[in-house]
Amino acid sequence: MQIYSLPASYGAAWLRDGWRLLKRQPLGLPAMVVLYLFMLLLPATLPYVGVALSGVLGPFATVGLMGACRDVSAGRAPMPTVFAAPFQDAARRQLLFRLGVINAAMLMLVVSVARLLAGAAPAEQPQSLDELPLSELALQLLLFAPVMILMWFAPLLAGWHGHGPAKAMFASAVACWRNKAALTVYGLLAFAILVGVSLLTVSLASLLTSSRQLASIVLAPVGLALLTLIQASFYPMYRSIFSDGVR
């Protein structure tokens, strides 16, 4: 498979194309993101096995959401059935399951190593921001970076192209390395958009009302729209980097 090396300007183009997908389906695509989050976060609430189960389901959820973006790109309305598609073909289901097991193992390793390095024992659920284990979270983010690189495109390469886990993760890492400039621009712009729009929304909400409940009603759809923009931009990113991407 040909992996393109794209200029840094593509980082902005991916966000622009993600915005175009969101504009085509301003209700349908965010609804698919909600289902995607539900598929990942609900298992994570289970004690002991939650993180591992969420890791196993991660590749399936990613393929489902990207299938929804592909439908929107083709002018079709996204349907919840896209999340069932990765489970239907036995061969692809097995590949995604194997990739999910590896993903879950890496996630568990990241959490365990971060706790050891931070010198923290498993704590009770934090009740406020002051109780968050910030050092442990920072270490987890740092250690998670290699996992993210390996898994960035791997679910699509396994689920849509039939690549084995090792080949898919290797191709994902190569694609990230060859496009590190564009991905850096993409990350900086995405962060600026998230922070800028969030701060603006919070400021406007505080002017309109002093009620936290009413403010949260305003903030929730804005947050979902921002998350959908980021998620939708992954599909044009994939299409532009891999020459024979499923279109």
Can you work out which of the residues in the stretch 162-172 that are touching a residue at least 24 places away in the same chain (Cβ under 8 Å) and surrounded by fewer than 18 Cβ atoms within 10 Å (Cβ to Cβ) is farthest from Tyr238 (Cα to Cα)? Gly164
So Arg247 ticks every box in (1) modelled with pLDDT of 75 or more; (2) exposed (fewer than 15 other Cβ atoms within 10 Å of the Cβ) but one. Which box is left unticked? (1)
Which condition number does Ala232 fail, the rest of (1) among the small types (Gly, Ala, Ser); (2) crowded, with 18+ Cβ neighbours inside 10 Å; (3) free of Cβ contacts under 8 Å to residues at least 60 places away in the same chain being met? (3)
Can you tell me which residue within the stretch 144-182, out of those that are under 13 Å from the mean Cα position of the chain (by Cα) and assigned to a loop (DSSP other than H, G, I, E, B), is nearest to Phe242 (Cα to Cα)? Phe153
Condition first: more than 15 Å from the chain's Cα centre (by Cα), farther than 17 Å from Ile3 by Cα, modelled with pLDDT of 95 or more and part of a helix (DSSP H, G or I). Can you find one or more residues in the stretch 204-222 that meet it? no
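Can you say whether Arg98 is of a type in the set (Lys, Arg), more than 23 Å from Ile241 (Cα to Cα) and in contact (Cβ under 8 Å) with a residue 40 or more places away in the chain, as far as the supplied structure shows? Please lay out each step first, then the result.
Values: of a type in the set (Lys, Arg): yes; more than 23 Å from Ile241 (Cα to Cα): yes; in contact (Cβ under 8 Å) with a residue 40 or more places away in the chain: yes.
Yes; evaluated as a whole, the condition is true for this residue.
Mind checking which residues of the stretch 175-217 are surrounded by 15 or more Cβ atoms within 10 Å (Cβ to Cβ), of a type outside the set (Gly, Ala, Ser) and in contact (Cβ under 8 Å) with a residue 40 or more places away in the chain? Don't jump to the end; show me each part of the working.
Restricting attention to the stretch 175-217, the residues satisfying the condition of being surrounded by 15 or more Cβ atoms within 10 Å (Cβ to Cβ) are 175-176, 178-179, 181-183, 185-186, 189-190, 193-194, 197, 201, 205, 215.
Those still in the list that are of a type outside the set (Gly, Ala, Ser) too: 176, 178-179, 183, 185-186, 189, 193-194, 197, 201.
Correct list: Arg178, Asn179, Leu183, Val185, Tyr186, Leu189, Ile193.
The values are calculated or read from the model by the stated rules, or taken from the named source; none is laboratory data. Model, not experiment: these values are computed from the prediction. As a convention, Cβ positions derive from the backbone with ideal geometry for all residues, glycine included, and neighbour counts pool all protein chains shown.
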